[in-house]
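Undergrad: The following block contains the structure, expressed as structure tokens.
The values are calculated or read from the model by the stated rules, or taken from the named source; none is laboratory data. Here the structure is a predicted model, which means the values were calculated and not measured. Every residue, glycine among them, receives a Cβ derived from its backbone with ideal geometry; neighbour counts consider all protein chains shown.
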Amino acid sequence: MDLQLLASVIVTLFVIMDPPGTVPIFMSLTARLSAKDRNRSAFQALLVATGVIVVFAIFGQSILNYMHISLAALQGAGGLLLVLIALQLLTGSTSGEENAAKYKNVAFVPLGTPLMAGPGAIVAVMVFVQQSSQLSEYLAVGLGIAVVLASLYLAMRFAGVVQRVLGENGVELVTRIAGLLLSAIAVQMIADSVTAFVKGVA
């Protein structure tokens, strides 16, 4: 098991998916549901997010090959995308709450996707899989994904408790810190992409 890669996957996806920041959005989207229905929505959202992530993790390489997209291009695009997500976290911009009434089942949309398994998470997972070549690395990526998805489920399952413990200001603080870390990760991805392009030309 590649522990360094495992830690990198967990930190990156945790910052992107932002389990603590999901709590207020989840509470808002499921405010009219009973406790039983809220728990079922959390589980359904987990299944949807897992399915989306797994599909892109497995078939991402084939998609890239078919479209003739290089890993460097994917990293660059992912970095730019993560910058946008980081800005949303830093500015507190969340569209999920405002558009909740548009969806019949919030567990599928917007909870399962794009809030949990959004573009940033998909790109990050694809990049990690692309960079893996050994079984230990694939296991580290898979375990890292599982850990973050489990933390997301637990955050939604115990959303009421988490919100009471952290408080409104605590959740806000965690979200802002996540945005700052995510912006740093995005810049690193863009820098790696530029470096790969320069080496490719040279």
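Undergrad: For residue 33, all conditions in the list (1) over 16 Å from the mean Cα position of the chain (by Cα); (2) part of a helix (DSSP H, G or I) hold save one; what is the number of the exception?
TA: Residue 33 satisfies every listed condition except (2).
Undergrad: So which of 174, 125 is assigned to a helix (DSSP H, G or I) and surrounded by 21 or more Cβ atoms within 10 Å (Cβ to Cβ)? I'd like the intermediate steps shown before the answer.
TA: On the way: 174 fails: surrounded by 21 or more Cβ atoms within 10 Å (Cβ to Cβ).
Exactly one of 174, 125 is assigned to a helix (DSSP H, G or I) and surrounded by 21 or more Cβ atoms within 10 Å (Cβ to Cβ), namely 125.
Yes or no, residue by residue, for (1) modelled with pLDDT of 90 or more; (2) under 13 Å from the mean Cα position of the chain (by Cα); (3) surrounded by 19 or more Cβ atoms within 10 Å (Cβ to Cβ); (4) in a helix (DSSP H, G or I):
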residue: 77; (1), (2), (3), (4): no, no, no, yes
residue: 80; (1), (2), (3), (4): no, no, no, yes
residue: 95; (1), (2), (3), (4): no, no, no, no
residue: 98; (1), (2), (3), (4): no, no, no, no
residue: 113; (1), (2), (3), (4): no, yes, yes, yes
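Undergrad: Here is a follow-up. Would you be able to say whether some residue in the range 139-147 is farther than 17 Å from residue 20 by Cα, more than 15 Å from the chain's Cα centre (by Cα), surrounded by fewer than 21 Cβ atoms within 10 Å (Cβ to Cβ) and modelled with pLDDT of 95 or more?
TA: Yes: one or more hits.
Undergrad: Any idea which of (1) under 30 Å from residue 39 (Cα atoms); (2) touching an Asp or Glu at 6+ places or on another chain (Cβ under 6 Å) is the one residue 136 doesn't satisfy?
TA: So the condition that residue 136 fails would be (1).
Undergrad: Quick one: in the range 177-201, of everything that is closer than 10 Å to residue 15 by Cβ and without any contact (Cβ under 8 Å) to a residue 60 or more places away in the chain, which residue is surrounded by the most Cβ atoms within 10 Å (Cβ to Cβ)?
TA: 177
Undergrad: Identify the residue in the range 9-64 that is among the polar types (S, T, N, Q) and surrounded by fewer than 18 Cβ atoms within 10 Å (Cβ to Cβ) and, among all such residues, is modelled with the lowest pLDDT.
TA: Restricting attention to the range 9-64, the residues satisfying the condition of being among the polar types (S, T, N, Q) are 12, 22, 28, 30, 34, 39, 41, 44, 50, 61-62.
Retained after the next criterion (residues that are surrounded by fewer than 18 Cβ atoms within 10 Å (Cβ to Cβ)): 28, 34, 39, 44, 61-62.
Values: 28: 73, 34: 84, 39: 91, 44: 95, 61: 78, 62: 87.
Once the filter is applied, the top-ranked residue is 28.
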